[in-house]
Amino acid sequence: MANRLLVLSYFEPDDLAKLLAAVRAAPLPAKTPISVGSYGVSQEICEQVRALPNGRYAPMFHVQPGWYWERRRLPGRDERVLLAQNPRTARLAGPLPSLPELLRLPSSATRVTWGVELGARFRDALRAAGASGFAPDTWQLDEIVAECAGPTGRQYRELTRGVVRGLVFGRPTLGDRTQRGFVWWAKTAFVLSGRRITPELTAFWRILDRACLGLIGEEYPEFVGDPRVAARREASGQRQLSRGGPVRRSLARRYVAGLTPGYRLAPGLGGNTRGLPRNKVNLWRTAYIRTRSAAGLAGFAEFNFRFENSKRVVMQDVLNELAEVV
């Protein structure tokens, strides 16, 4: 069996050295692919990650409004090339409509188009990094949000579908090639994998299949009760994918279990909500990871090495546990 992949995400730059030291100290198989990244694109982080054997730099982007929504930021020459190829893209150079406006648009095609532009702006940042001499190896998208499975789910999925497409294909006019990455998937959106297929959902699953090196299911269990039972329960999204059609089964084979160290408590992140001592936290996490591993996975992802999760001993415990199963 090929080595499972490992994804380590979301940390403060000042804590990265501790995290990478934990990786080096853990008994990981020599050929384990390790993708590491946080929000934003950084040459310093890239260089530290690349110093790892099999280290791959994978910066994170999120769909929520922010800096990338404000305007397209291209060097003047690139903007001219883009407009010469397709003058209509001039209307996409300014701010994206607000999220509520995007969701209210009567035209699905327009919503997807704005999503593609946003994803292409993420690729603009990766291209600019390459021009500065440190092209990232891949990317992470945060996330397929809970709303994708809610009352306005179709609108959210259309926007997300566009973003993923923009990230995968970028701007071919400016020399971008297809680049696959990791897409995070909110636990409360797992129900999507069991929904009856429609043309819109077919398009959604197909672009994810085209995009994903790994589809990361945010399992984030609470460290409560029998960890083996919890592991089987949290695998629901993966199981539903494996019962679907060919595209969803393809994604199931690239499913990555998304976990968190557990000491930083926040809504939706689960973790050590009962205040267990360190030895019991480690026993619980280890049993959970082993049970999930036995069910068949493409790999594991750990999210949020900040605050309480940034302690050196916590990082080392987590990496040692993961080393057993990757």
Please work out if D124 is among the acidic types (D, E), touching a residue at least 12 places away in the same chain (Cβ under 8 Å) and not in a helix (DSSP H, G or I).
-> no
Determine which single condition F300 fails, assuming it passes every other condition in (1) in contact with a Leu (Cβ under 7 Å, 6 or more places away or on another chain); (2) over 22 Å from P13 (Cβ atoms); (3) modelled with pLDDT of 95 or more; (4) not in a strand (DSSP E or B).
-> (4)
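Residue-by-condition table, conditions (1) surrounded by fewer than 21 Cβ atoms within 10 Å (Cβ to Cβ); (2) touching a helix residue (DSSP H, G or I) at 6+ places or on another chain (Cβ under 7 Å); (3) under 24 Å from L28 (Cα atoms):
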| position | (1), (2), (3) |
| --- | --- |
| V229 | yes, no, no |
| S236 | yes, yes, no |
| G245 | yes, no, no |
| S250 | yes, yes, no |
| L259 | no, no, yes |
| A266 | yes, no, no |
| T286 | yes, yes, yes |
| G296 | yes, no, yes |
| Q316 | yes, yes, yes |
Selection from region 163-187 of residues that are without any contact (Cβ under 8 Å) to a residue 60 or more places away in the chain, surrounded by fewer than 19 Cβ atoms within 10 Å (Cβ to Cβ) and in a helix (DSSP H, G or I) | P172
With the checklist (1) surrounded by 14 or more Cβ atoms within 10 Å (Cβ to Cβ); (2) at pLDDT below 95 in hand, flag the one item Q64 doesn't pass.
-> (1)
Residue identified as on the phi > 0 side of the Ramachandran plot and within 19 Å of the chain's Cα centre (by Cα) among G225, G268, G237 = G268
Determine if region 37-55 includes at least one residue that is assigned to a strand (DSSP E or B), among the aliphatic types (A, V, I, L, M) and under 19 Å from the mean Cα position of the chain (by Cα).
-> no
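Here is a yes/no grid of residues against (1) under 23 Å from E47 (Cα atoms); (2) surrounded by 23 or more Cβ atoms within 10 Å (Cβ to Cβ); (3) in contact (Cβ under 8 Å) with a residue 60 or more places away in the chain:
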| site | (1), (2), (3) |
| --- | --- |
| A131 | yes, no, no |
| T138 | yes, no, yes |
| G150 | no, no, no |
| G153 | no, no, no |
| R161 | no, yes, no |
Across region 9-36, what is the number of residues that are hydrophobic (A, V, I, L, M, F, W, C), buried (at least 18 other Cβ atoms within 10 Å of the Cβ) and in a helix (DSSP H, G or I)?
-> 5
Of those in region 196-224 that are without any contact (Cβ under 8 Å) to a residue 40 or more places away in the chain and either in a helix (DSSP H, G or I) or not polar (S, T, N, Q) (or both), the residue nearest to A298 (Cα to Cα) is R196
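The values are calculated or read from the model by the stated rules, or taken from the named source; none is laboratory data. Since the model is a prediction, treat every value here as computed from it, not as a measurement. Note that each Cβ is placed from the backbone with ideal geometry, even for glycine, and that neighbours are counted across all protein chains shown.
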